[in-house]
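Student: Right, I'll just put the structure down here and ask away after.
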Amino acid sequence: MAASQPLPTSSATPAALLAHLSAALSAPNWYLHPSLPHLPVLLAPSLPQMPDVPLPVRLAAATARAAAPSRHLLSLSLPILFRLHSLSPSPLRPLFDRSFGSLLTHLSRFALTPLILRLFAHMHLHSPPAPTGVTYNILIRSLCRRADLPRALRYLSLMVLSGWHPDAYTFNSLIVGYSRTHQTDAARDLFDKMPLRGFPRDVVSYAAMIEGLCETGRIDEALDLFTKMELSDMHTYAVLVKGLCKAGRGEEALQMLQRMKKLGWRPSTCAYAAVIDLWCREQRVVEAEEMLEEMSDKGLVPSVVTCTAVVNRYCKEGRMSDAVRVFETMKLRWCKPNVWTYNALVWGFCKEGKVHNAMALLNRMRAHGVEPDVVTYNLLIRAQCVYGHIENAFRLLRLMEGDGLAADIYTYNALVDALCKNGRIDQACSLFDSLEGRGIKPNLVTFNSLIGGLCKCDQVDVAWSLLEKMVSAGCTPDTYTYSPFIEYLCKMKGSQEGLSFIDEMLKKSVKLTTINYTIVIDKLFKERNYGLATKIWGQMVSLGCNPDAVTYTTSMRAYCNEGRLIEAKNVVSEMNRSAVTVDTIAYNTLMDGHASIGQTDCAVSILKHMKNVASMPNQFTYLILLRHLVQRRLAEGVPLYVAGLWKTTRLTDIFELFEIMKKNDIIPNTDTYSAILERFSEDGRSKEVTSLVSRMKDDNLSLNEDIYTALVMCLCKSRQYSDAWALLHSMIGCGFVPQLMSYQHLLCGLISEGQAHMAEEIFGNCRWEDYNPDEIVWKVIIDGLIRNGHSDICRDMVSKLEQRNCRPSNQTYAMLAEELSTRG
């Protein structure tokens with residue numbers, strides 16, 4: 001049958017030629033196959049013609065040469081060489097030594113240790129040719145590189161028993177092996193003994209020893225050894241760069257990199273990657289990206305790990321446009337993003353509250369051959385929970401299971417916690433009870449979430465039973481477990497009950513934390529029991545529990561309520577001395593204290609200190625300032641409740657606040673406008689919103705995504721749907737991706753106003769490609785149209801999505817059918 005195969009031509013690939021040879025050799029009369037005499041030239045055209053050499057030996061040499069370029073070809077060639085060797089008569093077998101040696105070299109270059117072991121075993125069992133000293137050295141080096149030192153030492157013993165003596169190559173390999181198994185002292189002992197055994201130490205010896213010292217954190221010893229090298233190579237420099245970066249000595253690593261360039265060497269991918277990774281860890285991401293660009297300019301292809309480190313750092317700093325830019329350039333650098341890269345972006349978008357952008361990445365991943373994993377879904381489920389879309393979180397769970405992924409405890413922890421915080425305690429308990437049947441064991445976080453939820457719903461007895469179940473399950477309670485009980489007791493029965501509970505915890509040798517004490521201290525301050533609060537504070541510190549930002553803010557609030565602002569300011573000073581971050585809540589508390597006694601300028605001046613991420617002004621900051629300005633405008637004795645503040649606030653109050661800010665050298669910025677516009681928008685005060693936007697433009701401030709979203713919602717509440725659509729269109733033109741809730745409100749509003757045709761036209765013109773099709777159906781069609789009684793229009797809209805190649809998953813089609821059957 002093999003003889004009937006067509007003869008291969010010069011256009012055949014090496015893999016096809018090797019497959020053809022393998023098939024030919026499996027035939028009973030293989031030596032009669034007409035293609036065999038032609039295969040050596042086809043497999044290795046550059047190989048010298050050797051007509052006097054027997055055909056099996058020529059085929060072996062050609063096979064070894066053809067396999068050299070790739071791992072795949074090498075794996076194909078090994079059984080062919082074994083077959084040729086086994087089929088050859090005994091006198092020919094010694095002639096395979098060069099082919100086996102050539103193949104060993106190629107296998108070593110690709111670090112294919114399992115194949116090297118197979119070749120060695122064949123040579124050992126079916127000699128000649130028997131393994132030589134070179135064969136042993138290649139095998140020992142390969143094992144040492146894999147940190148498989150025990151096996152390397154066994155082959156060293158076999159080498160000696162076979163009459164071969166270790167040489168400098170062997171010593172260098174063992175230095176590598178001992179170094180990579182973190183036996184640095186043993187490696188150094190071998191290194192020092194080399195001259196005594198008559199073996200000169202070369203660049204490989206030094207590089208291996210320096211690498212071992214770097215890996216075990218002995219960087220200064222590595223640098224000292226480096227100075228003793230007569231000649232160094234690029235690899236040694238790269239090892240030192242990596243070692244210095246690992247030790248956090250970035251500037252020295254950079255100097256080493258510059259020295260490499262001055263010597264005319266192009267730093268390796270490994271050296272660049274080490275510096276980039278360090279810059280990312282040290283939050284010097286701009287420098288990391290510059291280094292990435294330098295790599296590309298020098299023709300080096302960065303690994304996906306290196307590129308992902310830069311993307312991840314930008315995400316952690318909230319610079320999502322930069323993260324996306326680096327992500328997009330990865331393809332230009334021939335670096336394909338993997339699931340970790342996408343997960344970094346998903347995490348970043350979720351952290352910034354742009355869950356719709358994160359959801360859209362699910363489609364993009366699949367389109368580029370990357371399947372989302374459990375981490376991807378867990379990030380999205382948690383984000384949907386955090387931003388109040390619990391139903392979407394459960395829908396994602398269905399999608400996750402439809403993809404064949406098993407939800408884990410982190411998935412269910414997010415869902416249980418969200419249900420508890422939403423007051424849906426019965427559903428949370430039901431989900432908790434179902435975990436055992438799903439083969440999932442609740443952990444500390446699961447128990448803590450449910451205990452906290454039960455206590456907040458005044459089901460303390462059930463919470464206590466759950467605590468007992470938790471302990472019996474072998475899960476040790478922590479400070480977060482006990483805090484809800486202390487909080488409940490303080491709230492319902494007063495501070496003394498909370499203190500009694502703490503005393504019981506101490507008697508049971510439970511380690512208390514600042515969080516536990518802060519709950520009681522806060523209640524004592526509210527009860528105006530300052531003496532006991534101070535005493536408990538001292539007890540807390542004496543037990544090694546240092547006050548945190550919440551504890552300090554608790555005392556600051558008490559001082560402000562008493563009008564003792566000097567003491568309140570002293571608390572801020574104490575926080576700074578103790579290296580405790582003064583956050584937004586702390587500053588807002590102090591600001592409220594000043595404003596409550598009419599010191600508006602002092603209150604506004606606090607804004608100057610609110611500069612870092614932890615203390616950025618928020619809606620409550622401006623609410624505090626405006627409340628006191630509005631109260632001053634109202635008649636004395638007229639009550640002003642926080643809930644109605646924004647309805648009472650006039651534009652003149654806002655402008656007065658801006659003037660006071662400017663007087664204190666604080667210029668209102670986009671964030672200032674955003675905080676105020678969002679609250680006005682929630683109340684549907686479109687006239688005030690429009691005026692503030694005009695004022696922004698006069699101040700040369702651009703609208704950000706949050707402001708656009710707030711404006712659209714405001715216009716929808718005011719039933720100004722044409723203006724809302726125009727604004728959405730403008731928003732898209734500025735490069736923003738509107739939230740799906742904006743479309744939900746706009747489309748539902750239009751249909752309710754009898755403008756279904758316009759709603760369909762808008763739906764047909766939307767850029768749905770920027771979203772996840774499942775989320776479009778969930779938020780716009782199911783939660784929006786169907787649940788607002790507009791089922792009749794839904795099928796047409798789903799068809800429009802399908803025509804745009806935005807097909808939802810089978811699970812979502814099932815959800816849609818369920819909703820239509822129950823509400824349609």
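The values are calculated or read from the model by the stated rules, or taken from the named source; none is laboratory data. Quantities reported herein were computed from a predicted structural model and do not represent experimental measurements. Positions of Cβ are backbone-derived with ideal geometry, glycine not excepted, and every protein chain shown enters the neighbour counts. Only protein heavy atoms, including side chains, enter the accessible area calculation; ligands, DNA and RNA are left aside. Shrake-Rupley method; radii C 1.70, N 1.55, O 1.52, S 1.80 Å.
Student: How big is Rg to Rh over the range 511-583, alpha-carbon atoms, Rh as the Kirkwood inverse-mean-distance radius?
Tutor: Computed over Cα atoms, the ratio is 0.94.
Student: Regarding the range 582-683, what's the average projected area of the Cα-atom convex hull, expressed in nm²?
Tutor: 6.1
Student: Additional query: Measure off, as a whole percent, the carbon and sulfur share of the 1.4 Å-probe accessible area of the range 739-823, all protein chains present. Present the calculation step by step, with values, prior to reporting the outcome.
Tutor: On the way: 1480 of 3670 Å².
Using a 1.4 Å probe with all protein chains present, the range 739-823 comes out at 41 percent carbon and sulfur.
Student: Right, next: Which one of 594, 377, 821 is farthest out on the positive end of the charge dipole of the chain, using unit charges on Cβ (Lys, Arg +1; Asp, Glu -1) and the Cα centre as origin?
Tutor: Of the listed residues, the answer is 377.
Student: Post the alpha-carbon centroid distance, the range 662-676 to the range 748-778, in whole angstrom.
Tutor: 36
Student: Please work out how much length the chain gains when fully extended from residue 334 to residue 426, using 0.36 nm per residue of separation minus the C-alpha to C-alpha distance, in nm with one decimal. Present the calculation step by step, with values, prior to reporting the outcome.
Tutor: Details: separation 92, 0.36 × 92 = 33.12 nm, distance 5.16 nm.
Once the chain is fully extended between residue 334 and residue 426, it gains 28.0 nm.
Student: From the C-alpha coordinates alone, can you work out the Kirkwood hydrodynamic radius of the range 739-823, in Å?
Tutor: Its Kirkwood hydrodynamic radius stands at 12.6 Å.
Student: Then there's this: Please enumerate, by chain and number, the aspartates and glutamates with C-alpha under 13 Å from the C-alpha of residue 421, excluding those fewer than 8 residues away in the same chain.
Tutor: none
Student: Farthest toward the dipole's positive end in the chain, which of 111, 359, 169, given Cβ charges of +1 (Lys, Arg) and -1 (Asp, Glu) about the Cα centre?
Tutor: 169
Student: Can you list the HN-Hα couplings for the range 350-358, worked out from phi with the Karplus curve (6.51, -1.76, 1.60; θ = phi - 60°), rounded to whole Hz and with x for Gly and Pro?
Tutor: Computed from phi, the couplings for the range 350-358 are 5, 4, 8, x, 9, 5, 5, 5, 5 Hz.
Student: I've got another one for you. Suppose we look only past 24 Å in the calculated P(r) of the range 150-305. What percent of the Cα-Cα pairs does that tail hold? All intermediate terms of the calculation are to be shown ahead of the outcome.
Tutor: Values: 4835 of 12090 pairs.
Tail of P(r) above 24 Å: 40 percent of Cα pairs.
Student: Further question: State the Cα centre-to-centre distance between the range 365-442 and the range 288-337 in whole Å.
Tutor: That distance is 31 Å.
Student: Explain nothing, just compute: Karplus ³J(HN,Hα) = 6.51 cos²θ - 1.76 cosθ + 1.60, θ = phi - 60°, for every residue of the range 161-168 in order, whole Hz, x for Gly and Pro.
Tutor: Once rounded to whole Hz, the list reads 5, 7, x, 9, 9, x, 10, 4.
Student: Ok, one more. Normalising by the residue count of the chain, find the relative contact order in percent from Cα pairs under 8 Å and 6+ residues apart.
Tutor: On the way: 997 pairs, mean separation 34.7, N = 824.
After rounding, I find 4 percent.
Student: Taking the convex hull of the alpha carbon atoms in the range 301-412, what volume per residue do you get, in Å³?
Tutor: Cα-based convex hull of the range 301-412, divided per residue, equals 93 Å³.
Student: Could you size up the charge dipole of the range 460-557 around its Cα centre, putting +1 on the beta carbon of Lys and Arg and -1 on that of Asp and Glu, and report it in debye to the nearest 20?
Tutor: Result for the range 460-557 is approximately 220 debye, rounded to the nearest 20.
Student: Which residue, 513, 670, 320, has the largest displacement toward the positive end of the dipole of the chain when charges sit on each Cβ (Lys, Arg +1; Asp, Glu -1)?
Tutor: The residue sitting most towards the positive pole is 320.
Student: Counting alpha carbon pairs within less than 8 Å and at least 6 residues apart, what relative contact order, in whole percent, applies to the range 418-526?
Tutor: Over the range 418-526, the number comes to 21 percent.
Student: Now a separate question. Please list 3J(HN,Hα) in residue order for the range 7-20, calculated via the Karplus relation 6.51 cos²θ - 1.76 cosθ + 1.60 where θ = phi - 60°; whole Hz, with x for glycine and proline.
Tutor: Couplings: 6, x, 10, 5, 7, 5, 6, x, 5, 5, 5, 5, 5, 4 Hz.
Student: Also, quick follow-up: Could you please report the charge total around residue 123, scoring K, R as +1 and D, E as -1 over all other residues with beta-carbon less than 11 angstrom from its beta-carbon?
Tutor: Numbers: positive: 93, 118; negative: 97.
Cβ neighbours under 11 Å give a net charge of +1.
Student: Here's another thing I want to ask about it. Around residue 670, under 11 Å between beta carbons, what's the net of Lys plus Arg minus Asp minus Glu among the other residues?
Tutor: Residues close to residue 670 contribute a combined charge of -4.
Student: I need the fraction of alpha carbon pairs in the range 33-121 separated by more than 19 Å, rounded to a whole percent.
Tutor: Taking all Cα-Cα pairs of the range 33-121, the fraction more than 19 Å apart is 34 percent.
Student: Would you report the distance distribution of C-alpha pairs in the range 139-184 as whole percents per 5 angstrom bin, up to the bin with the largest distance?
Tutor: Result returned by the calculation: 5, 28, 33, 23, 9, 3, 0.
Student: With each label point set 7 Å from Cα along the Cα-Cβ vector, what nm distance links residue 367 and residue 110?
Tutor: Going from the residue 367 label point to the residue 110 one covers 3.5 nm.
Student: Next question, about the same structure. Counting alpha carbon pairs within less than 8 Å and at least 6 residues apart, what relative contact order, in whole percent, applies to the range 739-823?
Tutor: That works out to 36 percent.
Student: At 1.4 Å probe size, with every protein chain present, just tell me what the per residue accessible area of the range 739-823 comes to in Å². Before the final figure, lay out the partial values.
Tutor: On the way: 3670 Å² over 85 residues.
Accessible area per residue, the range 739-823: 43 Å².
Student: Determine which aspartates and glutamates satisfy two conditions relative to residue 354: a Cα distance under 18 Å, and not lying fewer than 8 residues away in the same chain.
Tutor: Qualifying aspartates and glutamates at Cα under 18 Å: 317, 322, 391, 671, 678, 705, 706, 769, 770, 774, 775.
Student: While we're here: What is the P(r) of the chain, as percent of Cα-Cα pairs per 20 Å bin from 0?
Tutor: Pairs per bin, as whole percents: 11, 29, 34, 18, 7, 0.
Student: From the protein chains alone at 1.4 Å, what is the descending order of accessible area for 698, 796, largest first?
Tutor: Greatest to least solvent exposure: 698, 796.
Student: Right, something else. On a C-alpha basis, how far is the centre of the range 463-499 from the centre of the range 78-154 in Å? Whole number, if you could?
Tutor: Centre-to-centre (Cα) distance: 66 Å.
Student: Which aspartates and glutamates have a Cα lying under 17 Å from the Cα of residue 507, excluding residues fewer than 8 positions away in the same chain?
Tutor: 478, 497
Student: Within the set 261/351; 351/779; 316/697; 193/242; 316/662, which residue pairs have Cα atoms separated by over 29 Å?
Tutor: 261/351; 316/697; 316/662
Student: Hey, got the dipole for the range 716-786? About the Cα centre, +1 on K and R Cβ, -1 on D and E Cβ, debye to the nearest 20? Intermediate results must be reported in sequence, preceding the final value.
Tutor: Numbers: 4 positive and 9 negative charges, 48 e Å.
Here the range 716-786 has a charge dipole of around 240 debye.
Student: Ok, one more. With +1 on each Lys and Arg Cβ and -1 on each Asp and Glu Cβ, and nothing else charged, work out how big the dipole of the chain is about its Cα centre, in Debye to the nearest 20.
Tutor: Computed charge dipole of the chain: roughly 1840 debye.
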